[in-house]
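Okay, so here's the structure we're looking at.
Since every read-out is calculated from the coordinates, none of them should be taken as a lab result. The shown structure was predicted, so the numbers you read here are calculated from the model rather than taken from an experiment. With ideal geometry, Cβ positions are generated from the backbone for all residues, glycine too; neighbour counts draw on all protein chains shown.
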Amino acid sequence: MSNWAIAATWPFGRLAVEVGMKLLDEGGDGIDAIEQGVNLVEADPAVDSVGVGGIPNLVGEVELDAAFMRGADLAVGAVASVKGFPNPISIARLVLERTPHHVLVGEGAERFADSHGLQRAPLLTASSLEAWTKRRREQGQLTEERISRGHDTIGVVALDRKGAITAGTSTSGLALKLPGRVGDSPLVGSGFYADDTVGAAVATGCGELIMRGCLSFAIVELMRMGATPQQASAEALLRLIGRLENTVAVRDGAVDETKIAVVAIDRHGNVGAAANHDDFDFAYSLSSDGVIHLARAPKVG
Ligand code: SD4
């Protein structure tokens, strides 16, 4: 049987890898592995940047973004600014598999989820409300230019035994974002990209910076030219940092506003990652040893 591999952003991605690797090992589809893994992270109120318990927007509502990309035909399913559904990645999957469209937003996405019987649930928890209240108090007079940037996305890339490569993302986006703000996570090429003939990449960090470089697409294109996932992750991030450095202080992701990190996988099951800061850990598992690894991504820039 062929190789499988799965990798996910952040230490909480471990939960997704743990579920996904079992499915992949049994010969399951990458899209199932990612959906089931991410659903667990979305349901965990302790993860304060995804699904239930996600960080509310400026007016205290939890608005979620999520996406899937299927590397066989480059098809996408994405949703943005969705409220009231704890598993936006499952809505994204339905968009991918059951509609002729690739992106649904807001109320339209919610109606679509209702029409497919997806479960609604309150997303605000006592602790996310408390964190929101505290942030609002700390920030005093917020202006649109000075919005808090606490965040973290679950992004997962997977290669299954059939050679299918899939990328998935799910996030509540930036803390205290303006209502209706959309980050990189549901934008194809920015927060995610997957191509069976090459590999896949996902990004986490400040979406407004990630989308300026179509970072995930850039990584996959570098792999297409022969770079390993590690080389491509570092090089694409470095190029974006270099391009922005005269306008945005992005070289050292010292503050949330400038943090960026990526995880990539190729069609052989090699994994790579990079960040512009030194506290990005990611989780992965490979068919060669079948265990979960937690690794620190090298800081570039
Ligand atoms: C966004 N990229 O909405 C997401 C947030 C995030 O790590 O990943 N944070 O901009």
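Apply 1/(1 + (r/R0)^6) to the Cβ-Cβ distance of Q119 and T99, taking R0 = 25 Å, and write down the FRET efficiency to the nearest 0.05. That pair, Q119 with T99, gives E of 0.80.
Computed across the stretch 207-276, the Kirkwood radius stands at 12.1 Å (inverse of mean 1/r, all Cα pairs). Can you tell me what the convex hull of the Cα atoms of the stretch 1-121 projects to on average, as an area in nm²? Computing the convex hull of the Cα atoms and averaging its projections yields 7.9 nm². Counted without the sites themselves, the longest stretch of the chain free of GluC sites (Glu not before Pro) in a DSSP loop having at most 11 other beta carbon atoms within 10 Å is 146-301. Each listed q (0.09, 0.11, 0.12, 0.16 Å⁻¹) maps to a log10 I(q)/I(0) for the stretch 160-276 from the Debye sum over equal C-alpha point scatterers, namely -0.22, -0.33, -0.39, -0.67. Computed over the Cα atoms of the stretch 256-301, the ratio of the radius of gyration to the Kirkwood radius (Rg/Rh) comes to 1.03. A full extension of the chain between H268 and Q231 corresponds to an added length of 11.8 nm, given 0.36 nm per residue minus the alpha carbon distance.
Remark on the chain: hydrodynamic radius 18.5 angstrom, per the Kirkwood mean of 1/r across alpha carbon pairs.
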